Amino acid sequence: MRRNEAGHGGSPLRFRLAPLTPSKRAVYPVWHMSKDGISAVGNTPAEPAIRVVLMPKDTNAHGTIFGGVILSYIDIAAAIEARKHTLKKIVTKAMHEAVFVAPVFVGDLVSFYTELVRIGRTSITIRVLVEADRIAHPGERARVTEAEVVYVAIGEDRRPTPIRDEV
Ligand SMILES: CC(C)(COP(=O)(O)OP(=O)(O)OC[C@H]1O[C@@H](n2cnc3c(N)ncnc32)[C@H](O)[C@@H]1OP(=O)(O)O)[C@@H](O)C(=O)NCCC(=O)NCCS
């Protein structure tokens, strides 16, 4: 029996979105975007670092969600993932290359999935994948964008410092 048929309380929206329970976790293909096109390279992690419902205050002049809002959440989601790997003070160095392939609409539930790409000497790189569950089309999920965010660990002098303590 589907959860929305089981008579649980709460808003109907809650039950139309992507599966949240462990038994119903979805696995989605990851699409890697480059100048050469888009190719599937793996699967979406089961749990996002962040999920947000975006509001009218987040829109651009056309009424869809402003790209800068999504970029901000990408940075936050990536920082959450980076924090799992280092407790050093980190700053955002680069965001490689966020190409928006679908819009986000007011009320969509937007999920930010993260994974560690690499740990360098002073930098740590996190990939973020963004998907939107459509409020207007229950059960429909769109891939919005992906990006790699590079953080650099800095010391008291604000210069790069090793991610791992060197011995
Ligand atoms: C972060 C900062 C201290 C780094 O200084 P820097 O002189 O560029 O440092 P380095 O050249 O030694 O590079 C540091 C690391 O970043 C990596 N890096 C530098 N530029 C990069 C880029 N464009 N893309 C990916 N990685 C990059 C280097 O490869 C190195 O990684 P590694 O040590 O793991 O090999 C400095 O650029 C800075 O303060 N930037 C502002 C950060 C900030 O305020 N962010 C928020 C913006 S509002």
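No lab work stands behind these numbers, since they all come straight from the coordinates. Note that the structure is predicted; figures quoted are calculated from it, not measured. Using ideal geometry, Cβ is built from the backbone for each residue, glycine included, and neighbour counts are taken over all protein chains shown.
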Scanning for something within 16 Å of the ligand (Cβ to nearest atom), part of a loop (DSSP other than H, G, I, E, B), of a type in the set (A, V, I, L, M, F, W, C) and at negative phi, does region 86-105 turn up at least one residue?
yes
Could you grab me the full set of residues in region 68-99 that are among the hydrophobic types (A, V, I, L, M, F, W, C) and within 17 Å of residue 162 (Cβ to Cβ)?
82, 87, 90, 91
Take region 106-142 and flag every residue that is aliphatic (A, V, I, L, M) and more than 16 Å from the ligand (Cβ to nearest atom).
106, 109, 110, 129, 130, 132, 135, 136, 142
Taking residue 111 as meeting all but one of (1) free of Cβ contacts under 8 Å to residues at least 60 places away in the same chain; (2) among the hydroxyl-bearing types (Ser, Thr, Tyr); (3) surrounded by 13 or more Cβ atoms within 10 Å (Cβ to Cβ); (4) closer than 13 Å to residue 54 by Cβ, write down the number of the exception.
(1)
Cβ-Cβ below 6 Å, separation at least six or inter-chain, first residue in region 145-164 and within 12 Å of residue 123 (Cα to Cα) and free of Cβ contacts under 8 Å to residues at least 40 places away in the same chain, second part of a loop (DSSP other than H, G, I, E, B) and within 9 Å of the ligand (Cβ to nearest atom): which pairs?
160/122
Exactly one condition in (1) under 22 Å from residue 46 (Cα atoms); (2) surrounded by 14 or more Cβ atoms within 10 Å (Cβ to Cβ) is false for residue 160; which is it?
(1)
